[in-house]
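Here's the structure, in structure tokens; my notes come after.
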């Protein structure tokens, strides 16, 4: 079986999982290529028997650029795929919405994998609740998933349809209601307005080249940032080596405190179920 693993990653967690899934697929005797989502030509997907798509979770679902990528994929006749994600506490409806878009393209999702991942978001504490994740156990689980996914695909093709995962839209939780409300239009209205300090900017292009949706252009005067299509990942401000990208996080930090407590509550429950291993004292971050 010829497999392509496609992923979007910023801080490296999703990339680690993607590479371990690839390793597992290769261990199983199948072929597997891996590529960052921004570099993939959707016309090439026809050359593969199985497609994997991985992403971090943004606002309790897949980020806009991943959604747009799936929407640009060509229709198939039931080609198999699998989806995977990393998250800071809650998967949310990530897999449900990805599956919905893939169904429209006549793909069949035959497997899912998720992992906790350390994130570093400016309006949360520097030491995050998911520090040191994905850990060694999750890394090995990703490899095991890769070793099994091609066999699962073949078994589904041979009629074992009970192996096909089922997805349910969750709507009546605090995070689901928040996710539904956080439309791109609302985010653009309430997210901090980024500014590029032209006195500090040396036009190194770090932010521009790292932007997943090409929403930055520092080569024009005045420089442009948070252009149409911005997914509000805030990665550019964090990356800038000169500190030339400025944002006021005061109000966002205040609003995020409730979310942080919700995340920690979910993690405590996952810990009791043996699904999460903390490497930090929760009380120091909430």
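Read-outs throughout are calculated quantities, based only on the coordinates presented, and are distinct from any laboratory measurement. Keep in mind it's a predicted model, so treat the numbers as computed, not measured. When we count neighbours, we look across all protein chains shown, and the Cβ atoms used for this are built from the backbone with ideal geometry, even at glycine.
In deg cm²/dmol, rounded to 500, what helix-only [θ] at 222 nm does the chain give when every DSSP H run of at least 4 residues adds -39500 (n - 2.57) and the total is split over its residues?
-11500 deg cm²/dmol
Where the eigenvalues come from the Cα gyration tensor of region 58-101, what are the semi-axes √(5λ) of the equivalent ellipsoid, largest first, in whole Å?
They are 21, 12, 8 Å, listed from largest to smallest.
Per q in 0.11, 0.20, 0.21 Å⁻¹, report the Debye log10 I(q)/I(0) for region 1-117, using one uniform scatterer on each alpha carbon and no solvent.
So the normalised log intensities are -0.30, -1.08, -1.20.
Using mean Cβ contacts within 10 Å as the protection proxy, how do 100-113, 64-77 order, highest first?
100-113, 64-77
Tell me whether region 140-222 comes out rounded, prolate or oblate; compute the Cα gyration tensor, take square roots of the eigenvalues as a ≥ b ≥ c, and use a/c under 1.5 as the rounded threshold.
Here region 140-222 falls in the oblate category.
If you find the alpha carbon centre of region 1-35 and of region 191-213, how far apart are they in angstrom?
For region 1-35 versus region 191-213, the Cα centre distance is 30 Å.
Under the definition of Cα pairs under 8 Å and six or more residues apart, what whole-number percent is the relative contact order of region 49-133?
It rounds to 31 percent for region 49-133.
At residue 126 and residue 277, where each label point lies 7 Å from the Cα along Cα→Cβ, what is the point-to-point distance in nanometres?
2.6
Work out, step by step, the length gained on full extension between residue 193 and residue 220: first 0.36 nm times the residue separation, then minus their alpha carbon distance; give nm to one decimal.
That pair, residue 193 and residue 220, stretches by 7.9 nm at full extension.
Across all directions of projection, what mean area in square nanometres is found for the Cα convex hull of region 1-63?
For region 1-63, the mean projected area of the Cα convex hull comes to 4.4 nm².
Given an 8 Å cut-off on Cα distances and at least 6 residues of separation, report the relative contact order of region 2-163 as a percent.
Relative contact order here is 27 percent.
Anyone know which of 51, 198, 231 comes out most mobile in the 10 Å Cα GNM of the chain?
198
Out of every Cα-Cα pair in the chain, what percent are more than 33 Å apart?
In whole percent, the long-distance tail amounts to 25.
Kindly rank 127-136, 6-15, 246-255 from highest to lowest mean number of other beta carbons found within 10 Å of each residue.
6-15, 127-136, 246-255
Which residues in region 112-147 have a backbone N closer than 20 Å to a point placed 7 Å from the Cα of residue 284 along the Cα-to-Cβ line?
Answer for region 112-147: 117-136.
Between residue 205 and residue 185, what is the label-point separation in nm under the 7 Å Cα-to-beta-carbon projection?
3.6
When a/c is below 1.5 the answer is rounded, else prolate if a/b is larger than b/c, else oblate, so apply that to region 136-286 with a ≥ b ≥ c taken from the square roots of the Cα gyration tensor eigenvalues.
Since a/c reaches 1.5 and a/b is larger than b/c, the shape of region 136-286 is classed as prolate.
For the chain, what does the relative contact order come out to in percent, with C-alpha contacts under 8 Å and a separation of six or more?
18
Can you tell me the FRET efficiency between residue 39 and residue 248 if r is taken as the Cβ-Cβ distance and R0 is 25 Å, rounded to the nearest 0.05?
It comes out at approximately 0.15.
Convex hull over the alpha-carbon atoms of region 202-283: what's its volume per residue in Å³?
Dividing the Cα hull volume of region 202-283 by its residue count gives 153 Å³.
Let me know the Kirkwood hydrodynamic radius for region 61-164, please, with Cα pairs as the basis and the value in Å to one decimal.
15.3
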